[in-house]
1. Please give every one of the aspartates and glutamates within straight-line cross-link reach of LYS8, meaning a C-alpha to C-alpha distance under 14 Å, and leave out same-chain neighbours fewer than 8 residues apart.
2. For the stretch 122-135, just list the computed ³J(HN,Hα) in residue order, Karplus coefficients 6.51, -1.76 and 1.60, θ = phi - 60°, integers in Hz, with x standing in for Gly and Pro.
3. Once you charge only the Cβ atoms, +1 for Lys and Arg and -1 for Asp and Glu, what is the size of the charge dipole of the chain about its Cα centre, to the nearest 20 debye?
4. Keeping to pairs on different chains or 8 or more places apart, tell me how many lysine pairs in the stretch 107-221 have Cα atoms under 29 Å apart.
5. What list of ³J(HN,Hα) values in whole Hz, one per residue of the stretch 38-45 in order, does the Karplus curve 6.51 cos²θ - 1.76 cosθ + 1.60 (θ = phi - 60°) give from phi, with Gly and Pro shown as x?
6. Sum -39500 (n - 2.57) across every DSSP H segment of at least 4 residues in the chain, then divide by the residue count to get the 222 nm mean residue ellipticity, nearest 500.
7. Pull out the extension gain between ASN57 and GLN69, defined as 0.36 nm times the separation in residues minus the alpha carbon to alpha carbon distance; nm, one decimal.
8. Work from the charge dipole of the chain (Cβ charges, +1 for Lys and Arg, -1 for Asp and Glu, about the Cα centre) and give the residue of THR317, GLY221, ASN165 farthest towards its positive end.
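The values are calculated or read from the model by the stated rules, or taken from the named source; none is laboratory data. None of these values were measured; they are calculated from a predicted model. Every residue, glycine among them, receives a Cβ derived from its backbone with ideal geometry; neighbour counts consider all protein chains shown. Just so you know, the surface numbers come from the protein's heavy atoms only, side chains and all, with ligands and any DNA or RNA stripped out. Shrake-Rupley method; radii C 1.70, N 1.55, O 1.52, S 1.80 Å.
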Amino acid sequence: MSRRISLKPSKSGLESSPWKVNLPGAISNSGKRERHFFKNKSEAETFCQQQRIQLDNYGRNSTSLTPAQLHEASKVFELLKPLNVTLNEVVRSYLAKHAANEKSVSFNELFERYVATKQNLSEAHLRGLKYTLPRFVGLHDRLVSEIQPQQVAAQMEGMTDSVRNSFMRNLRAVFNFGIKRGWMAENPIAKLDFEKIGKKEVVTLTPEDAESLMLAAEGSGDLLAYHALALFAGIRPQELQRLEWKHVDLIERHIEITAEVSKTGRRRIITMEPNLYEWLSVYAARGGNTQGNVVSGTNLRTRLRKVRMDAGLETWTQDVMRHSYASYWLAQHGDINKLTLQMGHESATMLWKHYHKASKIKDAARYWQIAPTSAVNVVAMKAA
C-alpha cells in the first residue's frame, strides 16, 4: 500500500519566511519536489488545505481512467523521465503546435503572399524571389509552422556557397514575414549557417574587351548609351534602367543620378569623361532616342546577352562594367575622394581597398581612349 502524503507546515529557519511546506513531486505542478515559504503559519496551513483538496480531486478523477489508460500513462511517464520534462509541459507544447498549425499556411502560399505585398522592392530582389520558389519544390505543400531547418538544408544540397547564401537571405525574409503574421513561430534559417566566402580580387574588363563590347553595342540602339554610361560613368544596372535622358546633360557634360534613381537614395553628380561624351554624341547624332528613359526594359536581359555574345564575352561577372570604371578611373586620376562621390559610396575606405592598384596606368590610358570611330560634337551640331 502506498504511503499517504502528509502535508504539514514546518519552520524554515528564515527570518523573512519562517514557515515552509514541502510539496512532494507526485503532486507538484512541476513533477519535482518543491518548497514553498510563507510569512506566517496561517498562510502555510491554508496552502496545505488547498493542496489536500486538489489531491482529493485528482484521486477521484483517477478512478475514471481505464486500466489501459493507466498503463498508457505509465508508459508516457517512462518515456519522459530521461528528458526531465513533465507530461503537462509536453501536452501544452503539443496543443500550442496544433493551434499554430490550424492557422498556418503552406510554404507556397506564404511565398506568394510575401511577393504580392513587396512589389515596391528592387527588381533584382523580385527576380531573386522568382528563382527561389522553384528551387524548393519539396517544401511547397508543407505548413510553414512545421518546416524544420534540416528540411530547408536538404533542399539546398549541391548548391554553390554563394547561391546557397543568396537563397537563404531570400528565405529568411519570407519566413520573417510569416512570423509577423502568426503563421509560424520560428525562422528555420536562424538555425542554419551562412557559408563564409572569401573576398575575391576585383574583376575588370580588359581595355580590349571593353572596346569589343562598345563596338558590338554600336548597332543596338539604346544599348549603345547603356554600355557607354555603365563602362565610362560606372552607373549601376538598376540605376540605368531608371535613368532618364533629362538628367544627362551634354552641355554641362555631367550626369545627375537623382535620389529616386540612386540605389542608395542619395543624389550624386558624375562628370563625363571625354570618351563618354563622344559616345553619347554619336548616339544622339545618329537619331538615337533622347527622351524618356535611357534604356527600354523590353527584353533587356536577352538583348544584353546578345551584345556580350557578339563581343565574344562568353563569361560575365556581375557589375564588371562598374568595377572597370572604378579601377581605370582611379588609375587615371588618382582622386579617391571624387571617385567615392561619383560612385555613390559613403566612405572611401572600401573603394581604396578594392581599387587601389587594381589596374595599371597604361591600361587605364588605353581604356579611356576607347571612342567611336566618328565622334560628333552634338552641341556644335545643334548650334549650326
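1. GLU34, GLU43, GLU45
2. Here the 3J(HN,Hα) series is 5, 4, 5, 5, 5, 5, x, 5, 4, 8, 6, 3, x, 7 Hz.
3. 1800
4. Going through the stretch 107-221 pair by pair, I get 13.
5. These are the phi-based 3J(HN,Hα) values: 9, 7, 8, 5, 4, 5, 5, 5 Hz.
6. About -15500 deg cm²/dmol.
7. Between ASN57 and GLN69, full extension yields 2.5 nm more.
8. Ranked along the dipole, the leading option is ASN165.
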